[in-house]
Each structure stands twice: as structure tokens, then as C-alpha cells.
1. Considering only lysines 8 or more places apart in sequence, or on different chains, count the pairs in the chain whose C-alpha atoms sit under 21 Å apart.
2. Cut-off is 10 Å between beta-carbons; in what order do 69, 33 appear when sorted fewest neighbours first?
3. Compute the length gained on full extension between residue 85 and residue 37: take 0.36 nm times their separation in residues and subtract their Cα-Cα distance, giving the result in nm to one decimal.
4. Please arrange 116, 34, 123 by counting, for each residue, the other beta carbons lying within 10 Å of its beta carbon, fewest first.
5. How high is the relative contact order of the chain, in percent, counting Cα pairs under 8 Å that sit 6 or more residues apart?
6. With each pseudo-label sitting 7 Å past Cα toward Cβ, what's the residue 122-residue 49 distance in nm, one decimal?
7. Sorted by average packing, counted as other Cβ atoms within 10 angstrom per residue and highest first, what order do 102-114, 44-56 take?
8. Which residue, 82, 70, 62, tops the fluctuation ranking in a GNM of the chain built on C-alpha contacts under 10 Å?
Amino acid sequence: MRINAKHSPIRLSLNEATWKTLNQVNLPINNSFWPETDEQYYGRAEYWAIPTDGAGGYEDIALTKRQQFAKTGYPMSAMRVAVVVTPQRERHAILTIAMDKGDLVLDNLTDQINLWNMTGYRWIERQDPIHAMQWFQ
């Protein structure tokens, strides 16, 4: 995935405090959500929201993680939702966090926080860090 200068997010320093916060956001949300397709949950093919009852699509879980991480004081421009294809050839949404040591992935399919290039995913698109409603490949 190529990123040019206009799509460069704020990069956070990866240190012990940041790592602890990432895990304090990632693990509880992974453990408290039951993934359901948008069709099952909302009755439509595609709908992005922050659910409050513990169920939702993969993108809803990523949005919830982004919201919770922002509540801890980290800038939204360091966080981007990305659409990927898993090794099982399924479309999936995850949250990426721009760090000084590389972009990290918060993913509900694993409790491990990994560098983006260690996930085994094929990357489709990510949100623009400046204009969240715009996407780039």
C-alpha cells in the first residue's frame, strides 16, 4: 500500500504507555462484541455505526475501537479504518494506528496487535487521515 505525503497521518510515539492504552482498548472490545453481518444486525447490506448492545459488523467494531482510543486523548488523525481481505478471502474491516515504528492493526479477529504488514491481509483501502469520509488505495 503506497502512502503519499498528503495522506501521512500524525504518528504517535510507541512507548509503554501507548502500548498499554492500545491493549486497554483492543482487548475489552474484542471480548465484549459478537460480530454479525450488517444484513443480520441492521437488515441491510451495508451500514456503519457504533453499536451499544455488544453486536455489530466488523466495521462497527473498528469504529468503536477508534472512538474509545480517541476518548483516551489520542488524535483521530492517527487512526484510520481500513478494508482488507483475509487469507480466507473474506472482506474485513480493521482499525490502524499510525505509530513512529510503523502502523499497527487493532483487529477483532485476534487479540494480538500487529504491524500492518504482518497480518497476512490484502489491503483494499484506508480512510484518508485528513478527510475521514474519503478513502484511498
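Here, each number is a calculation from the coordinates, and none is a lab measurement. Note that this is a predicted model, so its numbers are computed, not measured. Glycine also receives a Cβ, built like all others from the backbone with ideal geometry; neighbour counts cover every protein chain displayed.
1. Lysine pairs meeting both conditions in the chain amount to 5.
2. Exposure proxy ranking, most exposed first: 33, 69.
3. The span from residue 85 to residue 37 would gain 15.7 nm if fully extended.
4. In order of increasing Cβ crowding within 10 Å: 34, 123, 116.
5. Value for the chain: 25 percent.
6. Between residue 122 and residue 49, the simple spin-label model gives 3.2 nm.
7. So the order, starting with the most tightly packed, is 102-114, 44-56.
8. Comparing 82, 70, 62 in the GNM, the peak value goes to 70.
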